[in-house]
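Single-structure report; data block below.
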Amino acid sequence: MQMIMDRAAIALSTTCAIHCLFLPVLLVILPALATTSLGSESFHRVLLWFAFPISVLALTQGCRRHKDRIVFMAGILGLVLLTATAIAGHTLLSEEGERVATVLGATALAVGHIRNYRLCNHNKCKT
């Protein structure tokens, strides 16, 4: 189950980063996207509603088994950056700053989950 949660969290983090990086280009090519949920600032918050609990569960289980500090630190850094940016990034940071913070958070979170996944796969975890 943990490996499935890690995969889901990696997918959500990657989706968040891709959305953040490519949305400006897509809006120039297809301005109608601005009126959809994909063009909305709330898209990141929706992804975070799914990514946060999955990440906490998967990373907690992994840290209990593997006691790997990199998994823990990357996960915490990613979650803090993503949460802070989703809540206050638009008011505290410029658009570029918000984009950078989101991509850094998504990358850190994905790195933590990838490492967690590999450790679990290497140790042949069953749960």
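If you take the residues in the range 77-99 that are surrounded by fewer than 16 Cβ atoms within 10 Å (Cβ to Cβ) and among the aliphatic types (A, V, I, L, M), which one is farthest from ASP6 (Cα to Cα)?
From the range 77-99, those surrounded by fewer than 16 Cβ atoms within 10 Å (Cβ to Cβ) are 80, 84, 87-88, 90-92, 94-97; that's our starting set.
From the residues that got through so far, the ones that are among the aliphatic types (A, V, I, L, M) too are 80, 84, 87-88, 92.
On the way: VAL80: 18, ALA84: 22, ILE87: 24, ALA88: 26, LEU92: 30 Å.
Going through the qualifying residues, I end up with LEU92.
Might you let me know whether the range 15-33 holds any residue that is under 18 Å from GLU98 (Cβ atoms) and either at pLDDT 85 or above or among the polar types (S, T, N, Q) (or both)?
yes
Can you name the residue in the range 96-122 that is of a type outside the set (A, V, I, L, M) and within 14 Å of GLY78 (Cβ to Cβ) and, of all such residues, is modelled with the lowest pLDDT? Talk me through it step by step, then tell me what you get.
Just the residues of the range 96-122 that are of a type outside the set (A, V, I, L, M), to begin with: 96-99, 102, 105, 107, 112-113, 115-118, 120-122.
Retained after the next criterion (residues that are within 14 Å of GLY78 (Cβ to Cβ)): 102, 105, 107, 112-113, 115-116.
Values: THR102: 87, GLY105: 92, THR107: 92, GLY112: 92, HIS113: 91, ARG115: 92, ASN116: 90.
Per the criteria, the residue is THR102.
Could you figure out which of (1) at pLDDT 90 or above; (2) within 10 Å of the chain's Cα centre (by Cα) isn't true of HIS44?
Of (1) at pLDDT 90 or above; (2) within 10 Å of the chain's Cα centre (by Cα), only one is false for HIS44: (1).
What residue, among those in the range 82-94 that are closer than 15 Å to PHE43 by Cα and free of Cβ contacts under 8 Å to residues at least 60 places away in the same chain, is nearest to the chain's Cα centre (by Cα)? So that I can check it myself, show each step before the final result.
From the range 82-94, those closer than 15 Å to PHE43 by Cα are 82-90; that's our starting set.
Add one more test, that the residue is free of Cβ contacts under 8 Å to residues at least 60 places away in the same chain, and what stays is 83-90.
Values: THR83: 9, ALA84: 12, THR85: 11, ALA86: 11, ILE87: 14, ALA88: 16, GLY89: 15, HIS90: 17 Å.
Selected residue: THR83.
The values are calculated or read from the model by the stated rules, or taken from the named source; none is laboratory data. Since we're looking at a predicted model, the values are computed, not measured. A quick note on method: Cβ atoms are made from the backbone with ideal geometry, for glycine too, and the neighbour counts reach across all protein chains shown.
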